[in-house]
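Values quoted throughout were computed directly from the atomic coordinates according to the rules given, and no laboratory measurement underlies them. Since we're looking at a predicted model, the values are computed, not measured. Cβ atoms come from the backbone with ideal geometry, glycine included; neighbour counts cover every protein chain shown.
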Amino acid sequence: MDHVRVFNEWWAQNGDGIDISASSNVLLYQCTVNAGDDAICMKSSGALPDGPALHDVIIAGCTVGRAHSGFVIGSNTDGGMHNIFVSDCTFTGTDIGLRFKSNMGRGGLVDKIYIDNIHMQNIVHEAVLFDTYYENMEAGVERDPNRPKPEDKTPEFRDFYISHVYCIGAKTGISITGLPQMPVSDIRFDTLEIKAEKGLVATQAKAIKLHKVNFIVQDQQQIQSDKTAQIIIED
């Protein structure tokens, strides 16, 4: 799919721009998206016996303006995902730039994600967000008893390679929140420059590697993590 322009009104609930779900060998090139919800979103439900339901996807040269997030994985990831490549994209004024979200009962293995050359400015919240505590259920809505129990499907995010990301303006540069039983793990950031109020905030994370990562922050402490987060700074 190339040269696509998507415009959803800002007030459109669940108004994603482009959703790619349970597919393989997908190319999304030079698309422009404004959305009431997430702009370009990867979804995967229903695990296959021979591998992940979503795999081998290339997204390149895309531009996102107003949206909840620029590029998104989740929240339903129970079908599994791998071999997703994102490059040469620009996000301006989105709520979140790169967003990876899932939660218990909706999660699966997401790995081999490659992201390179992303330019952002005026991001409202996080430039990069990992969150496996994400829950998107309306208040007062009871859980369907036929749905899997939360403990049946645990999100696992690992083996992400994020490089050459440049952001001018965000509340937080990178935020990582994993689960105690399944930390976000093996994430490598290489050559990032992010101007934000805060740098890196992490909990329940393992083997988070930073190479040539520069936070230009208002807080003097660039990295805020607790004892459940393993941050490795490489020369």
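Worth a mention:
- What separates the Cα centres of segment 2-62 and segment 90-113 is a distance of 12 Å.
- Computed over the Cα atoms of segment 1-48, the ratio of the radius of gyration to the Kirkwood radius (Rg/Rh) comes to 1.02.
- Sorted by Cβ neighbour density within 10 Å, fewest at the top, the residues 211, 55: 211, 55
- Extended-chain gain in nm, criterion 0.36 nm per residue less alpha-carbon gap, residue 24 and residue 207: 63.0 nm
- Whole-number percent relative contact order across segment 1-109, with pairs defined as alpha carbons under 8 Å at least 6 apart: 25
- Under 22 Å from residue 195, Cα to Cα: lysines that are on another chain or at least 8 residues apart: 171, 209, 212
- Cα-based Rg and Dmax for segment 25-68, where Dmax is the largest Cα-Cα distance (Å): 12.9, 38
- Rg over Rh [alpha-carbon atoms, Kirkwood Rh] for segment 147-217: 1.07
- Sparse packing (at most 13 other Cβ atoms within 10 Å of the Cβ) combined with a DSSP loop state is found for the following chymotrypsin sites (Phe, Trp or Tyr not before Pro) in segment 5-41: 10, 11.
- With the charge dipole of the chain set up from +1 on Lys and Arg Cβ and -1 on Asp and Glu Cβ about the Cα centre, the Cα lying farthest toward the positive end among the listed residues 110, 93, 205 is that of 205.
- Put a dot 7 Å past the Cα of residue 119, heading toward its Cβ, do the same for residue 171, and the two dots end up 2.6 nm apart.
- Simple spin-label estimate for residue 190 and residue 50 gives 3.2 nm between the two label positions (7 Å along the Cα-to-Cβ direction from each Cα).
- Contour excess over end-to-end distance, with Cα ends at residue 12 and residue 233 and 0.36 nm allotted per residue: 75.4 nm
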